[in-house]
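The values are calculated or read from the model by the stated rules, or taken from the named source; none is laboratory data. Just so it is clear, the structure is predicted and the values come from calculations on it, not from any experiment. Cβ placement follows ideal geometry from the backbone for every residue including glycine, while neighbour counts extend to all protein chains displayed. In case anyone asks, the SASA skips ligands and DNA or RNA and just uses the protein heavy atoms, side chains included. Shrake-Rupley method; radii C 1.70, N 1.55, O 1.52, S 1.80 Å.
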Amino acid sequence: MIFYSLLILTILLNIWTIINGIFLYPLKHNKTLSSTPKVSLLIPLRNEEENVKGLIASLKRLTYDNLEILLLDDHSEDDTYRLLDQEISDDPRFRIISGRPLPSGWNGKVHACHQLSEEANGAYLLFLDADARVAPHVIESTVATMKKFDASMLSGFPHYPNDHFLSHMLVPLQHMVVQLHLPLMIANHTTSPAFTAACGIFICIEKSAYIKIGGHESVKGSLVEDVHIAREVKKHGLRMILVNITPSVLSYMYSSSKETWNGFKKNIYSGLGRSVWMVLFLSIFYTVLFLLPTAYIFFAITEGSMLYLLPYLLTVTFKMYVDSRTGHPLWLSFFLPVSVMIMITLMVVSMFVHLKGDTYQWKGRSYE
């Protein structure tokens with residue numbers, strides 16, 4: 001009985017993901033626009049010397065005409081500022097800003113984005129992380145897509161070219177979690193704050209909408225400010241859409257397994273609303289849905305029946321569908337149980353950091 005219930009559950013998982021994936025729209029590839037409103041591309045940087053050259057080279061290839069690029073050095077302790085100054089050379093689109101001291105009660109990145117917004121002159125604000133690389137026509141495509149869907153805000157999860165084990169196991173799961181848990185038809189067609197997701201690596205928002213919601217100041221203490229900004233947009237009756245940006249945006253999100261672990265540990269419990277019950281529910285849910293099918297591989301071997309492999313293979317199919325749409329290696333799908341075990345462990349570890357009253361560490365700063 002348990003086996004057949006699990007088999008039905010994994011079949012439904014695939015059906016749901018395919019139907020839900022229909023509503024994850026692509027960026028509208030448009031190299032020409034009838035009008036080109038000014039866009040402010042805003043990038044906070046703290047200790048990003050390894051990313052500066054690749055980032056600036058990517059930005060210099062942007063083809064959008066009406067563009068300003070503001071780079072904020074947020075008290076970097078490495079060579080970030082010097083490299084920025086060196087790489088932008090005499091390109092008039094670029095301007096470097098030195099960040100102000102971090103006030104009490106503010107998240108470091110949120111404060112950096114707030115300062116950038118104060119200097120921006122564009123009708124659209126495009127917030128981009130320093131580890132991102134973008135296609136030359138990404139701004140035209142973004143503005144065209146927002147106009148097509150009459151959206152005040154657009155975000156998406158990029159492609160992640162990972163090069164170490166923990167990053168391979170964890171980072172692409174962001175796409176999986178969104179397509180599994182978020183009903184995209186509701187998220188992209190209603191202004192319900194309960195149904196939304198966003199990725200701070202790539203957020204484009206109309207400046208008028210940004211001002212209306214109170215900007216980054218409205219979420220100044222958040223560790224998951226991207227989601228909270230998206231919710232504020234919807235609370236104000238404005239449309240926010242999540243799209244598939246993977247063909248146009250990639251992110252070298254974490255450079256080591258240690259950084260991956262610390263990054264997820266900082267964000268994952270906050271992303272679950274700091275709810276103990278949500279951690280318990282998801283741990284049980286993922287164990288049943290993704291780990292239990294793996295246990296039936298033992299029965300397939302001992303009983304000599306390939307039927308017992310089906311639930312596991314169906315979870316692999318589910319992950320392959322997501323990875324194929326987001327450009328990640330298909331071999332990752334076979335390691336889904338490993339990824340899920342690591343994610344459950346991280347949820348619990350992140351939860352206990354908060355429950356014990358400890359702080360999360362990230363780039364030389366402490367966060368509660």
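Per residue, the stretch 121-216 exposes 29 Å² of accessible surface when a 1.4 Å probe is rolled over the protein heavy atoms with every protein chain present.
Taking each of K319/K363; K60/K207; K235/K363; K53/K109 in turn, the alpha-carbon distance tops 29 angstrom for K319/K363; K235/K363.
As a calculated quantity, the FRET efficiency between K53 and N121 at R0 = 30 Å, using C-beta atoms, amounts to about 0.65. Spatial offset of the stretch 304-330 relative to the stretch 219-266 amounts to 27 Å, using the alpha carbon center of each. When peptides 36-44, 240-248 are sorted by average Cβ neighbour count within 10 Å, with the highest value leading, the order is 240-248, 36-44. At a 1.4 Å probe, what is the % contribution of carbon and sulfur to the accessible area of the stretch 144-264? With neighbouring chains kept in place, the figure for the stretch 144-264 is 56 percent. Take the Cα of L102, go 7 Å toward its beta carbon, and the backbone nitrogen atoms of the stretch 36-79 under 19 Å from that spot belong to 43-50, 72-79.
Counted residue by residue at 0.36 nm each, then reduced by the alpha carbon distance between them, the extension gain from D79 to F165 reaches 28.2 nm.
Look at where the Cα atoms of the stretch 113-192 and of the stretch 269-286 average out, and the two centres are 24 Å apart. If you plug the beta carbon distance of M306 and F281 into 1/(1 + (r/R0)^6) with R0 = 30 Å, you get a FRET efficiency near 0.40. Scoring 266-275, 121-130 by mean Cβ neighbours within 10 Å over their residues and listing the highest first yields 121-130, 266-275.
Work out, step by step, the length gained on full extension between H181 and I297: first 0.36 nm times the residue separation, then minus their alpha carbon distance; give nm to one decimal. Don't jump to the answer; show the numbers that get you there.
On the way: separation 116, 0.36 × 116 = 41.76 nm, distance 2.63 nm.
Once the chain is fully extended between H181 and I297, it gains 39.1 nm.
Taking every DSSP beta bridge that has both ends in the chain, the antiparallel portion is near 40%.
At a Förster distance of 35 Å, what's the computed FRET efficiency of H236 paired with R95, Cβ-Cβ distance as r, to 0.05?
On the way: r = 30 Å, r/R0 = 0.85.
For R0 = 35 Å, the calculated efficiency reads 0.75.
Relative protection proxy for 45-52, 14-21, 322-329, from highest mean packing down: 45-52, 322-329, 14-21 (other beta-carbon atoms within 10 angstrom).
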